[in-house]
1. Can you give me the number of residues within segment 274-293 that are touching a residue at least 24 places away in the same chain (Cβ under 8 Å) and part of a helix (DSSP H, G or I)?
2. Tell me the residue from GLU246, GLU272 that is in contact with a strand residue (DSSP E or B) (Cβ under 9 Å, 6 or more places away or on another chain), acidic (Asp, Glu) and either surrounded by fewer than 24 Cβ atoms within 10 Å (Cβ to Cβ) or closer than 24 Å to ALA306 by Cα (or both), please.
3. Do we have GLU154 as within 16 Å of the ligand (Cβ to nearest atom) and without any contact (Cβ under 8 Å) to a residue 12 or more places away in the chain here?
4. Limited to segment 251-273, what total is found for residues that are in a helix (DSSP H, G or I) and either within 20 Å of LEU32 (Cα to Cα) or not small (Gly, Ala, Ser) (or both)?
5. Name the residue, out of ASP263, ASP294, ASP307, that is more than 21 Å from the chain's Cα centre (by Cα) and surrounded by fewer than 18 Cβ atoms within 10 Å (Cβ to Cβ).
6. Taking the stated definitions as given, is ARG166 touching a residue at least 24 places away in the same chain (Cβ under 8 Å) and away from the ligand (no atom under 12 Å from the Cβ)?
7. Going through VAL194, VAL143, VAL165, VAL175 one at a time, which residue ends up being aliphatic (A, V, I, L, M) and within 22 Å of VAL58 (Cβ to Cβ)?
8. How do the pairs read when you match residues in segment 25-40 that are modelled with pLDDT of 95 or more with residues anywhere that are among the aromatic types (Phe, Trp, Tyr), using Cβ under 6 Å and keeping only pairs 6 or more apart or on different chains?
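The values are calculated or read from the model by the stated rules, or taken from the named source; none is laboratory data. Small disclaimer: the values here were computed from a predicted structure and weren't measured. Neighbour counts are summed over all protein chains in view; Cβ atoms, including those assigned to glycine, are modelled from backbone coordinates with ideal geometry.
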Amino acid sequence: MNQRTVVALSGGVGGAKLALGLTRILPPDDLLVVANTGDDFEHLGLTICPDTDTLTYVLAGLDNTEQGWGRRDETWSFMDTIGTLGGADWFRLGDRDLALHVERTRRLRAGESLSQVTHDITRRLGIGPRILPMSDDPVRTRVRCDEGWIDFQEYFVHRQCRPVVRELAFEGAGVARPQPEVMAALAPGRARAVVICPSNPFISIEPILAVPGLRAAIAASGAPVVAVSPIVGGRAVKGPTAKMMEELGLAVSAASAAGRYGDLLDGYIVDEADGAGISVATRAAPTLMKTVEDKEALARTVLDFADSLA
Ligand code: GDP
């Protein structure tokens, strides 16, 4: 068992940027990326895992950087046709992306675990580090808005985050078992660092921490736990993080994001302007990742900081 493993908790877009930086400075065996599966859902008869797939496409160099999601070199014959037939076309599935969902669903139905399927697919796409789901058991994020509870993708994609969020729940989390390889990497004395990527705390990181045993294992691992703020210059770079903070009655700030992780954190990396009101050790650094060099530089800062806290 590798005693130098960096365990990174990640959602999709923001998390994958830092995960890519980490892949550029660590040997493949030294990085384990834990993907949020709270965004997963069943659609058109398929199991779709948006955060896992964003990580997969980004780390394989297959992501569509203009669109910000999905695969590059995509075609849309399937979506066009399903629209013509009156089918559900609100969740955009490109033809190449679709192949991944069809193959994953086939293997899950044949009895393979989500971990096995994810591991095999990431290997076939040439990814060295492990990407694993937080659990092989289904966890589904639900959103309470003014009209009641709705499924996460109904809120996020179909309704484009317009409903006001009153509460979030992670259905299935209470009985989900943590992914065993993740737990092994977190055994006391094993991990070099636990990195909480700059992902949406409410819908990307909290579902991971809601899996029974995971939060306690991180706390007991003995490894420094360092998060990177998803709030840069007092604003979310992308997505509904800031909107959710407002709707849940929190200040829109890096400190609010840190507050979601409580005493789990040993260190927090924030942009120069965002350091106020944070009770844990902070390091200021440029946290906006536009180029691959930005991602690599931030990954180095994260590991330097973690090592200094060890
Ligand atoms: P999703 O699952 O695709 O929504 O992605 P994540 O939860 O992983 O990431 C969304 C969060 O990433 C948002 O809160 C963004 O503000 C944050 N984010 C995106 N790009 C960057 C970046 O370059 N730097 C930092 N610090 N945060 C970012």
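1. Number satisfying all stated conditions: 2.
2. When all the criteria are applied, what remains is GLU272.
3. Considered against the rule, which asks whether it is within 16 Å of the ligand (Cβ to nearest atom) and without any contact (Cβ under 8 Å) to a residue 12 or more places away in the chain, GLU154 comes out as yes.
4. First pass over segment 251-273, keeping only residues in a helix (DSSP H, G or I): 254-264, 272-273.
Okay, now just the ones that are also either within 20 Å of LEU32 (Cα to Cα) or not small (Gly, Ala, Ser) (or both), so 260-261, 263-264, 272.
Result for segment 251-273: 5.
5. Step by step, each of ASP263, ASP294, ASP307 is checked, and only ASP307 is more than 21 Å from the chain's Cα centre (by Cα) and surrounded by fewer than 18 Cβ atoms within 10 Å (Cβ to Cβ).
6. So ARG166 passes the test.
7. VAL194
8. Close Cβ pairs satisfying both conditions: GLY38/PHE170; ASP39/PHE152.
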